[in-house]
Amino acid sequence: VNYLQIPVHSGQDISYTFKFEEFIKNFKLNSNTTLYALKALEGDGWIYFNEKSFAPSTVVFTTSKQQLYAYYKSYPQYEELLTTLLRTYEGIFDFPVSISEMLIATLLKKDMEAVKKYLREASALSIIKYTPQTDAPQIIFRKNRVAANDLKINLNLYNQRRESFKKRVAAMLNYVQTTTCRSRFVNTYFGDAETPACGICDNCLQAKSLTVSDQEFDAISQKIKHQLSIAPLVASQLLIKLNGTPKEKAWKVIDFLQAERIIYVDNKGLINLVV
């Protein structure tokens, strides 16, 4: 409200153009933290932040590092700009990165329009791909502005959103670290625990390529036969009984014994020993 100059007890249902880059520069704010703060205010019913019409400027290098040095010799006027981009934005060689022409102009001590001109020219030379910023986003206030002392945030909702976010991040980390079928992992996350292994993800392919020595095969096979001679078991129970045996190797032996009709699975899901 300080940036938009909105008086107390006014602003409800009014749409304001919100220049995000200018805002964070004026108040010396971190862009990611600011964006999350705006989302928190939106979730608490204070504002509606329409960022869909807003796309920040992006740059990605479209040449190799070796070719870049050749460009420096042929077009030395762009070397300072391109070096600044590489030093300021991580990953800019691999994928489009959001940039701020205002920040680059400050670092180079140049006019922002001159920076944009150099970016367009470098893009025309196929050194980079530069996509200028589109229309600025809009903020609509759903309530009148209140005095700072009267601003209250529902921390329960905020904490719920934070915990939900933490769970999503944890699930993504578990997906990266899992040694089971990735397709089955995703389907289980969405409530379908009965999905069979896909057979084509990296974990499934690794399991398929697993080698079992003759001695290991005989030992595991004898253990399986012994347990099933006592009583039929579901797969999870059988794996527990094979304590100390790697699951991947146990499954490889089970698949072989089933293919050879030494064991079979009945309609109750129990693994039986053929007698």
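Bear in mind that the values in this text are calculations on the coordinates, not laboratory data. All figures in this text were calculated on a predicted structure; none of them were measured in a lab. Counting neighbours? That spans all protein chains shown, and the Cβs are built from the backbone with ideal geometry, glycine included.
Evaluate Rg over Rh across the chain, taking Cα atoms for both radii and Kirkwood's formula for Rh. Spell out each step's value before the answer.
Values: Rg = 30.1 Å, Rh = 25.1 Å.
With Rh from the inverse mean 1/r over Cα pairs, Rg/Rh is 1.20.
Express in nm, to one decimal, how much length is gained between Glu113 and Val186 on full extension, taking 0.36 nm for each residue of separation and deducting their alpha carbon distance. Each step should come with its number before you reach the end.
On the way: separation 73, 0.36 × 73 = 26.28 nm, distance 4.72 nm.
Taking 0.36 nm per residue and subtracting the Cα distance, the gain is 21.6 nm.
Pull up the cross-link candidates among the lysines for Lys129, meaning alpha carbon to alpha carbon under 17 Å and not fewer than 8 places away within one chain.
Of all the lysines, those that pass the test against Lys129 - Cα under 17 Å, at least 8 places apart if same chain - are Lys65, Lys116, Lys117.
In Å and on Cα atoms, what radius of gyration and Dmax does region 137-206 show?
20.7, 61
Can you give the convex hull volume per residue for the Cα atoms of region 139-275, as a whole number of Å³? Please report the intermediate quantities before stating the final value.
Working: hull volume 26.4 nm³, N = 137.
Output value, Cα hull per residue: 193 Å³.
State, to one decimal in nm², a quarter of the convex hull surface area for the C-alpha atoms of region 199-275, i.e. the direction-averaged projected area. Show your work: numbers first, answer last.
Working: hull surface 21.6 nm².
Taking the Cα atoms of region 199-275, their convex hull projects to 5.4 nm² on average.
Separation between the Tyr175 and Ala231 pseudo-spin-labels, each 7 Å from Cα along Cα→Cβ, expressed in nm?
4.0
Whole-Å semi-axes of region 75-140's equivalent ellipsoid, largest first, each the root of 5 times a Cα gyration tensor eigenvalue?
Over the Cα atoms of region 75-140, the ellipsoid semi-axes are 20, 14, 13 Å.
For region 1-127, take the convex hull of the Cα atoms, compute a quarter of its surface area, and give me that in nm², please. Mind showing how you got there, number by number?
Values: hull surface 37.5 nm².
Taking a quarter of the hull surface, the average projection is 9.4 nm².
In debye, nearest 20: dipole of the chain around its Cα centre with unit charges on the Cβ of K, R (+) and D, E (-)? Kindly include the intermediate steps, with their values, before the conclusion.
Details: 34 positive and 27 negative charges, 79 e Å.
Once rounded to the nearest 20, the dipole reads 380 debye.
Once region 60-209 is represented by equal point scatterers at the alpha-carbon sites, with solvent omitted, what log10 I(q)/I(0) does the Debye formula produce at q = 0.12, 0.17, 0.18, 0.20 Å⁻¹?
Computed log10 I(q)/I(0) values: -0.87, -0.93, -0.97, -1.10.
Hey, which of these cross-link pairs are over 23 Å Cα-Cα: Lys28/Lys109; Lys167/Lys247; Lys225/Lys252; Lys167/Lys241; Lys225/Lys249? Could you put the intermediate results ahead of the total?
Values: Lys28/Lys109 18 Å; Lys167/Lys247 27 Å; Lys225/Lys252 15 Å; Lys167/Lys241 33 Å; Lys225/Lys249 15 Å.
Result: Lys167/Lys247; Lys167/Lys241 exceed 23 Å.
Among Ala37, Ala231, Ala124, which one moves the most in a GNM of the chain with springs linking Cα atoms closer than 10 Å?
Greatest mean-square fluctuation among the candidates belongs to Ala231.
Step by step: find N for region 53-97, compute 2.2 N^0.38 Å, then divide the Cα radius of gyration by it. What's the final number?
Working: Rg = 11.6 Å, N = 45, 2.2 N^0.38 = 9.3 Å.
Ratio of Cα Rg to 2.2 N^0.38 Å: 1.24.
Express the relative contact order of region 1-155 as a whole percentage, based on alpha carbon pairs under 8 Å and six or more residues apart in sequence. Let's see the in-between values first.
Details: 194 pairs, mean separation 70.8, N = 155.
Dividing the mean separation by the residue count of region 1-155 yields 46 percent.
Could you work out the Rg to Rh ratio of region 11-78, with Rh taken as the Kirkwood radius (inverse of the mean 1/r over all Cα pairs)? Intermediate values should be presented prior to the final figure.
On the way: Rg = 19.0 Å, Rh = 15.6 Å.
My calculation puts Rg/Rh at 1.22.
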